[in-house]
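Coordinate-derived values only; no laboratory data. Keep in mind the model is a prediction, meaning the values are calculated, not measured. Neighbour counts are summed over all protein chains in view; Cβ atoms, including those assigned to glycine, are modelled from backbone coordinates with ideal geometry.
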Amino acid sequence: MAKLDDLDMKILSSLHTDASVSVPKLGKELGVNLSVMYSRIKRLQKRGVIERFTIQVNEDRLGMRAGALAGLNIDPKLREAILKEVEKTEGVRLIREVTGRFDLILNLRGQSLDELHRAVYDVIGKIPGVMHTEVFMEVSRRDPPVSFRLIE
């Protein structure tokens with residue numbers, strides 16, 4: 001893959017902050033003409049660096065004010081079946097396979113801590129092959145700004 005440059009990184013940082021920004025506005029902010037902006041964004045998409053443009057929903061405003069992380073230890077022989085069941089579980093927002101103390105880390109959102117507790121212990125914990133779960137309830141949340149940079 002051809003190397004990315006500082007302009008590509010600035011475009012990615014800006015779009016990560018607000019993917020709804022218009023290309024003309026983005027070009028003006030970055031001091032780049034419109035045709036260059038369009039071609040750069042198209043190239044980043046074509047290379048698979050930009051996979052999709054999406055929205056971020058404020059789940060607090062939807063009544064989903066409780067958040068938790070759950071660590072799972074699973075039977076590796078049942079990995080695929082477990083992942084399919086976890087994906088179907090209400091409230092699961094993110095699944096990551098990790099190394100260390102747990103095999104999976106889940107991010108969950110719900111209306112209450114009780115709802116999340118039931119999701120982890122009464123639903124996920126009863127999936128065949130899930131051997132152990134541990135829940136970490138969110139007490140605060142912070143999403144720092146992301147700024148992409150070149151790695152030399």
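Listed values, structure above:
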| read-out | value |
| --- | --- |
| Pair list, Cβ under 8 Å, 6 or more apart: segment 35-56 residue under 20 Å from P145 (Cβ atoms), other residue of a type in the set (D, E) | L44/D8; V49/D8 |
| From the options L104, L83, residue that is without any contact (Cβ under 8 Å) to a residue 40 or more places away in the chain, at negative phi and in contact with a Leu (Cβ under 6 Å, 6 or more places away or on another chain) | L104 |
| Members of segment 6-25 that are basic (K, R) and surrounded by 14 or more Cβ atoms within 10 Å (Cβ to Cβ) | K10 |
| Strands (runs of 3 or more DSSP E) wholly inside segment 34-152 that include at least 1 residues being in contact with a Lys or Arg (Cβ under 7 Å, 6 or more places away or on another chain), surrounded by 10 or more Cβ atoms within 10 Å (Cβ to Cβ) and not polar (S, T, N, Q) | 66-74, 92-97, 104-110 |
| Residue pairs meeting the criteria (Cβ under 8 Å; at least 6 apart or on separate chains; first in contact (Cβ under 8 Å) with a residue 40 or more places away in the chain, in segment 109-137; second part of a strand (DSSP E or B) and among the hydroxyl-bearing types (S, T, Y)) | V120/T133; I124/T133 |
